[in-house]
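Input: a single structure, listed below in C-alpha cells.
The values are calculated or read from the model by the stated rules, or taken from the named source; none is laboratory data. Computed from a predicted model, the values in this text were never measured in an experiment. Glycine also receives a Cβ, built like all others from the backbone with ideal geometry; neighbour counts cover every protein chain displayed.
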Amino acid sequence: MEPINYQGALQKPARSGFNARSTASEVIKGINISGKIAIVTGGNTGIGLETTKTLAAAGATIIVPARDVKKAEKNLQGIPNVELASMDMMDPGSIDAFAATFIASDRPLHLLIHNAGIMWVPLRRDSRGIESQLATNYIAQFQLTARLWPALKKAHGARVVNVSSHGHHFAPFDFDDPNFLYREYDTLQGYGQSKTASNLFALELDNRARAFGVRAYSLHPGSIGGTELAREASPELFQKMGFFDEKGILRPEVAASLKTIPQGAATTIWCSTSPLLNDIGGVYCEDADIAALAVYQGASAGVHPYSLDKTNAKKLWELTEKMTGITFNIN
C-alpha cells in the first residue's frame, strides 16, 4: 500500500491541468457518476449549492441535510435527483437522527462532502460546551462520518471530502484549551484551529479507512465572493485581515483575487471525482489540485505542516472520542 501523508509526504501537485479559475463544471467534464449517492452538508447555499447542482447534473443522487428546511427547499427547487432532510450541525442528537435514517435506508454512500461551516462568529457553545466553530467545522464532521461509516464501507469505493480553509494557517489545534475555557476568545484563532482539526481528521481518517476502500481529503476552496459564510463578521475584522481599507471599503486587489462560486466549488468537485486521486488520499488540495506544503510562515498558499502531523492527527482522534463520547472504530 502507498505511503501515508503524515508530515506532508504526498503533498505534491498532481498536474491536474486545472487552476484557480477553473469551474466546477469544467472539472467534472467527461466524468459520469450515475448511480452514485452523495451527502452534501450545507448543500443548499453558496459553494455547497453549486456542488449539489454539479453532482446532480453528472448523474448522482444528492441528499442535502439542512437546518432551515424551508429555505433549503426553495434554493434547491428544480434541481433533479435531490433529497432534502433536516439536520443541525450544532445539535449532536440531530446528527445522529439524520445518520440513523440514512443507514436505515440500506443504501451505500459513495460521497460524503462536509461542506457546511461557520466563520468568524462571537463566542458560542453547543450543549456539550464545545466552542461553536469547532463544533460545526470539525466535531460534526467526525460524528457524521462515524455514524455513516457502515454506508461508506458498503460503497466499496467512497470518498470523504472536508471543505477546510487556508484559514488553518491562523492557528494550530490547541490541545490544552480547545474550547477557550482558560484563554481569551479570539474568533480567528477559533476558526483557524477548527480548520486545522478538519485537515488532521482527513489525514487520519484516510490512514484508517483506506483498507476498506474509503479515502479522505481536505481542501481550501479559495476566497469567494457572494457566500453567506462571513455574514457575522464585523468591518473591523475585515480591516484587521487586510481585506478592507481604513474606510471600510474592499481593497481592489482583494476584489480581483476573489473566486466566483462556480470556481469556489471546483476543488470540492475535483476531490470528489478526479481519477488522479484514485490511489492517493489524506492530502490537502487547492485550486483543483494537490497543494504544496507551505514552507514558510505567512505563506499565501499551501498547507501548514502542523495540520498534517502524525502525532497531532492521532492525538486529535483520541481527544475527539473523549469530547463527544463517540468511539469511532473502523473495522
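A compact table of results
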read-out: Condition met for residue 62 (more than 26 Å from residue 303 (Cβ to Cβ) and in a loop (DSSP other than H, G, I, E, B)); value: no
read-out: Residue in the stretch 130-140 that is more than 24 Å from residue 93 (Cα to Cα), buried (at least 24 other Cβ atoms within 10 Å of the Cβ) and aliphatic (A, V, I, L, M) present; value: no
read-out: Of the criteria (1) touching a Gly at 6+ places or on another chain (Cβ under 7 Å); (2) under 16 Å from residue 48 (Cα atoms), which one residue 262 fails; value: (1)
read-out: Yes/no for residue 142 being closer than 24 Å to residue 306 by Cβ and touching an Asp or Glu at 6+ places or on another chain (Cβ under 6 Å); value: no
read-out: Candidates 137, 162 - the one that is closer than 14 Å to residue 205 by Cα and either under 17 Å from the mean Cα position of the chain (by Cα) or at pLDDT 95 or above (or both); value: 162
read-out: Whichever residue in the stretch 145-180 is farther than 29 Å from residue 272 by Cα and free of Cβ contacts under 8 Å to residues at least 40 places away in the same chain and, among such residues, is surrounded by the fewest Cβ atoms within 10 Å (Cβ to Cβ); value: 176
read-out: Residue match in the stretch 188-196 (condition: within 25 Å of residue 261 (Cα to Cα) and not in a helix (DSSP H, G or I)); value: no
read-out: Unique match (being of a type in the set (Lys, Arg), touching a Ser or Thr at 6+ places or on another chain (Cβ under 7 Å) and in contact (Cβ under 8 Å) with a residue 24 or more places away in the chain) among 21, 125; value: 125
read-out: Number of the condition not met by residue 39 [criteria: (1) farther than 30 Å from residue 103 by Cβ; (2) not in a loop (DSSP other than H, G, I, E, B)]; value: (1)
read-out: Restricting the stretch 2-58 to residues that are surrounded by fewer than 19 Cβ atoms within 10 Å (Cβ to Cβ) and on the phi > 0 side of the Ramachandran plot, the residue that is nearest to the chain's Cα centre (by Cα); value: 7
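Results for (1) surrounded by fewer than 13 Cβ atoms within 10 Å (Cβ to Cβ); (2) modelled with pLDDT of 95 or more; (3) among the basic types (Lys, Arg), shown as yes or no for each residue.
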| residue | (1), (2), (3) |
| --- | --- |
| 238 | no, no, no |
| 243 | no, no, no |
| 253 | yes, no, no |
| 256 | yes, no, no |
| 267 | no, yes, no |
| 270 | no, yes, no |
| 273 | no, yes, no |
| 277 | no, yes, no |
| 285 | no, yes, no |
